[in-house]
Amino acid sequence: MKKTAFLFFSIFLFTFSFAQSVTLEDYNRAVSYFRNNLAKKTIWNISLTPTWLRDSSGFTYSIQDANGTHRKKYDFKTGAISDAPDETPNQRAWEVGNRRRNPEAASPDKNQVAFVRDYNLYLKDGKSNSEKQLSTDGAKNYEYASYYGWGELIEGENGERPAHFAVNWSPDSKWLQAYICDLRNGKKMYLLDWSIDSLYKPKLLSYYRGSPGDTDMVYMTPVVFNAATGAMHRLDEFRNVNTVGFEWIPGTSKAIIYERERGYQKINLYLYDPSAKTKELLYTESSPTNIDNFNYRLVHEWGLVIFTSEKDGWKQLYALNLKDRKVTRLTQGDYYINDINGINGKTGDIFFTAKGKEGTNPYYDFGYKVNVKTRKTTLLTPEKENHEISFSPDGTYLVDNISTMSKPNRAVLRDGSTGKILKELSQTQVNLANGKRHPLPEEFTTLGRDGTTTIYAAIWKPSNFDPAKKYPVIDQTYTGPHTYMFPNGFAKALGRGNQALAELGFIVVAIDGLGTAGRSKAFHNVSYKNMGQNLLDHVIAIKAMGKQFSWVDTTRVGIFGHSAGGYDAGHAVLEFPDFYKVAVASSADHDFRMEKDWWPEMYMGWPVDSSYHKVSNITMAGNLKGKLLIVHGGIDENVNPSATFKLAEALVNADKQFDMLILPSQHHGYVGKASDYFQKKLWNYFVEHLKGEEPIWDFKLR
């Protein structure tokens with residue numbers, strides 16, 4: 001009798017377990033929430049992006065309806081909206097600029113033309129075509145008026161790199177500035193492209209890229225030439241791996257030089273006089289951690305340089321007077337200014353967006369203007385929601401996308417002076433059957449590791465959510481200190497793609513712990529030289545969710561991320577192996593010493609020290625307990641796949657089981673079939689290893 005009862009109970013458990021397994025219906029429902037399908041089939045007008053017309057007559061934009069996507073034009077003078085062609089001749093966007101890479105550059109007065117021959121810089125008379133050679137020591141890999149492009153791949157070891165040409169004429173046509181691109185000692189990174197069908201050997205690709213602490217790198221040296229005499233002034237003191245900025249001051253023969261010293265702990269602004277061959281320090285700023293939020297605008301008609309700085313604890317606006325060198329703080333308060341979005345030289349207004357000023361969610365952006373004379377700050381977007389804003393070039397108008405992660409978008413045109421709404425432009429349309437609603441994420445807050453600071457998270461639940469069940473948790477991560485993950489607007493919430501993953505029976509979360517961007521400098525500094533602890537607040541937040549919500553299963557926690565988020569995902573199962581059980585780490589920088597130089601030097605410090613070793617996933621490979629899938633594009637020139645291979649070698653040497661996927665034809669971002677393949681692989685990895693269920697492969701994402 002006991003044996004019979006035991007057998008019946010076992011069959012019951014097996015049947016119950018099988019009945020609860022993920023189904024093709026679940027996958028199809030997940031596909032219906034896949035971000036690419038949502039934008040095309042289910043949700044229209046997620047946000048509106050204007051194209052401001054060069055003649056200032058209005059702007060164009062696109063809207064969606066049942067008949068497709070339509071281009072519209074708004075006319076400032078009449079307030080009328082009319083159909084617009086896809087591209088109006090001579091009416092291109094202000095943002096586009098001149099994309100042609102000309103092999104020569106005429107002076108502003110058109111009397112002379114600069115060009116390069118055999119790596120040296122020449123001038124040609126605009127009328128007689130007579131030539132004047134300005135430099136004589138140029139040679140291959142020591143090239144005048146050149147630069148090297150990010151991600152420009154060179155075939156083979158000694159292949160030719162793309163030709164580049166760039167010069168910077170003074171407004172009065174008397175001076176010509178360029179850079180010497182010195183590649184002689186620059187080291188390369190390498191890739192093998194195995195994906196070319198017509199080749200039966202891999203193609204070797206290389207590109208110039210330094211790693212943290214390297215000295216054998218590409219150096220850029222600014223040079224200035226007297227157009228009349230041909231005399232050259234080499235500014236060797238600015239020879240650096242970080243190219244200095246050089247901006248001529250309109251109406252003068254002087255320039256602003258912007259220098260970021262290596263390590264990003266000090267910046268300098270100089271006034272340069274080519275006639276006297278002198279430079280004068282206008283402004284300097286230093287930090288014991290880093291300076292990664294310094295932006296400036298030269299406003300010649302005001303005689304000012306407007307800049308942002310975190311030197312007083314929050315990113316605020318300042319004005320540097322070019323005459324008396326006095327620095328004046330223009331904005332006041334404990335809030336974060338994103339950037340300078342526009343300047344109206346006539347009214348004295350500076351337009352910007354900021355977060356944390358209006359007493360609501362600190363990640364919501366709002367639009368403002370501040371007057372340079374009165375220093376009065378005016379709120380232009382009063383709704384207590386997130387505002388994704390595009391200002392017209394002079395700030396006369398702004399297009400405002402108003403939403404939250406759980407409230408669909410409403411796009412309006414506002415007056416740039418008062419913020420008054422002038423026109424309703426579009427409203428997000430959600431096309432679901434009667435009685436159905438699109439599930440949207442929820443906000444969650446708790447205290448961070450310091451016990452006093454509120455940290456924010458977003459939670460996605462499946463559309464068939466049952467509070468009586470317990471759901472495994474998946475953490476979508478990117479703690480890279482230059483950004484944040486909280487989806488402050490509707491478009492970002494959909495763009496995360498997390499609702500689709502939730503439909504397979506998960507709770508998906510995105511968390512911003514201490515050390516990420518967009519809040520105070522002290523908040524940001526927590527991650528400096530300490531990125532190995534970036535996930536500590538994630539652990540705290542997920543445990544807090546488990547205490548508050550019975551449906552959160554903190555014994556089954558997974559994590560995924562891409563790029564710096566891939567580092568996080570790999571690090572999670574190595575630094576917190578008893579908490580995170582499953583991880584998918586894609587295109588990750590598993591060891592910052594193998595990365596491009598600038599990003600780790602900004603956030604982990606320079607010179608390179610033992611902190612790099614301590615936070616490396618490779619040196620921690622022996623800690624792995626859970627399941628780990630590492631993924632990389634075979635020709636990723638942003639984050640070289642070498643660190644993923646090196647982590648794989650370390651895991652093998654540590655006798656740890658893991659999974660690995662190389663997408664041979666892919667760069668840093670995955671596209672086409674490879675992107676869909678990876679998406680299915682990610683979903684199924686969590687279904688199999690976090691839910692413990694049999695995944696289904698034969699379904700279509702599109």
Problem - Odd one out for residue 415 among (1) free of Cβ contacts under 8 Å to residues at least 24 places away in the same chain; (2) open to solvent by 50 Å² or more (accessible area, probe 1.4 Å) - result: (2)
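Given the structure, is residue 615 within 26 Å of the chain's Cα centre (by Cα), open to solvent by 10 Å² or more (accessible area, probe 1.4 Å) and modelled with pLDDT of 95 or more?
yes
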Handout entry: Residues within segment 298-315 that are in contact with a Gly (Cβ under 6 Å, 6 or more places away or on another chain) and either on the phi > 0 side of the Ramachandran plot or hydroxyl-bearing (Ser, Thr, Tyr) (or both), tallied
Key = 0
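Of all residues in segment 165-219, how many are hydrophobic (A, V, I, L, M, F, W, C) and either assigned to a loop (DSSP other than H, G, I, E, B) or on the phi > 0 side of the Ramachandran plot (or both)? Can you show your working first?
Of segment 165-219, the ones hydrophobic (A, V, I, L, M, F, W, C) are 165-167, 169, 175-176, 178, 180-181, 183, 189, 191-192, 194, 196, 199, 204-205, 217-218.
Next cut, either assigned to a loop (DSSP other than H, G, I, E, B) or on the phi > 0 side of the Ramachandran plot (or both) only: 165-167, 183, 194, 196, 199, 217-218.
Number satisfying all stated conditions: 9.
Identify, from the list 313, 333, the residue that is more than 13 Å from residue 369 (Cα to Cα), open to solvent by less than 30 Å² (accessible area, probe 1.4 Å), free of Cβ contacts under 8 Å to residues at least 60 places away in the same chain and part of a loop (DSSP other than H, G, I, E, B). Give the steps one after another, and end with the answer.
Working: 313 fails: free of Cβ contacts under 8 Å to residues at least 60 places away in the same chain.
Just one listed residue meets the conditions, 333.
Residue by residue, here is whether (1) under 26 Å from residue 609 (Cβ atoms); (2) open to solvent by 40 Å² or more (accessible area, probe 1.4 Å); (3) among the polar types (S, T, N, Q); (4) touching a residue at least 12 places away in the same chain (Cβ under 8 Å) holds:
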| site | (1), (2), (3), (4) |
| --- | --- |
| 189 | yes, no, no, yes |
| 199 | no, yes, no, no |
| 209 | yes, no, no, yes |
| 217 | yes, no, no, yes |
| 239 | yes, yes, no, yes |
Exercise for the section: Working only within segment 359-376, note down all residues that are of a type in the set (D, E, K, R), under 17 Å from residue 314 (Cβ atoms) and assigned to a strand (DSSP E or B). Expected result: 365
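In segment 316-330, how many residues are open to solvent by 40 Å² or more (accessible area, probe 1.4 Å), assigned to a loop (DSSP other than H, G, I, E, B) and at negative phi?
Taking segment 316-330 and keeping what is open to solvent by 40 Å² or more (accessible area, probe 1.4 Å), we get 321, 323-327, 329.
From what's left, assigned to a loop (DSSP other than H, G, I, E, B): 323-326.
After this cut, where a residue has to be at negative phi as well, the list is 323-324, 326.
Number satisfying all stated conditions: 3.
Tell me, which residue of segment 359-379 that is more than 20 Å from residue 519 (Cβ to Cβ) and more than 26 Å from the chain's Cα centre (by Cα) is most open to solvent (accessible area, probe 1.4 Å)?
From segment 359-379, those more than 20 Å from residue 519 (Cβ to Cβ) are 369-376, 378; that's our starting set.
Next, from what is left, pick out any that are more than 26 Å from the chain's Cα centre (by Cα): 370-376, 378.
Values: 370: 0, 371: 28, 372: 25, 373: 178, 374: 97, 375: 126, 376: 136, 378: 36 Å².
Out of the qualifying residues, it is 373.
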Fill in the blank from the handout: Of the residues in segment 125-139, those that are open to solvent by 50 Å² or more (accessible area, probe 1.4 Å) and either assigned to a strand (DSSP E or B) or within 20 Å of residue 241 (Cβ to Cβ) (or both) come to 125, 131, 132, 133
Handout entry: Matching residues in segment 289-310 - criterion: being closer than 18 Å to residue 370 by Cβ, of a type in the set (D, E, K, R) and out of contact with any strand residue (DSSP E or B) (no Cβ under 7 Å at 6 or more places or on another chain)
Key = 301, 310
Fill in the blank from the handout: Considering segment 295-309, residues that are open to solvent by less than 20 Å² (accessible area, probe 1.4 Å) and within 23 Å of the chain's Cα centre (by Cα), and then whichever is farthest from residue 526 (Cα to Cα), we arrive at 307
Exercise for the section: Please identify the pairs in which a residue from segment 383-403 that is free of Cβ contacts under 8 Å to residues at least 40 places away in the same chain and more than 15 Å from residue 47 (Cα to Cα) has its Cβ atom under 8 Å from the Cβ atom of a residue that is open to solvent by less than 20 Å² (accessible area, probe 1.4 Å) and not in a strand (DSSP E or B), counting only partners at least 6 apart or on another chain. Expected result: none
Exercise for the section: Being over 28 Å from residue 608 (Cβ atoms) and open to solvent by 20 Å² or more (accessible area, probe 1.4 Å) is the filter here, so list the residues in segment 253-282 that pass it. Expected result: 253, 254, 270, 271, 273, 275, 276, 277, 278, 279, 280, 281
Practice task
Output the residues belonging to segment 609-641 that are assigned to a loop (DSSP other than H, G, I, E, B) and under 19 Å from residue 534 (Cβ atoms).
Solution key: 609, 615, 616, 617, 618, 619, 620, 624, 626, 639
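The values are calculated or read from the model by the stated rules, or taken from the named source; none is laboratory data. Bear in mind that the values here come from a model prediction, so they are computed numbers and not experimental data. Because the Cβ atoms are built from the backbone with ideal geometry, glycine has one as well, and the counts that use them run over all protein chains shown. All accessible areas refer to the heavy atoms of the entire protein, side chains included, with ligands and DNA or RNA removed. Shrake-Rupley method; radii C 1.70, N 1.55, O 1.52, S 1.80 Å.
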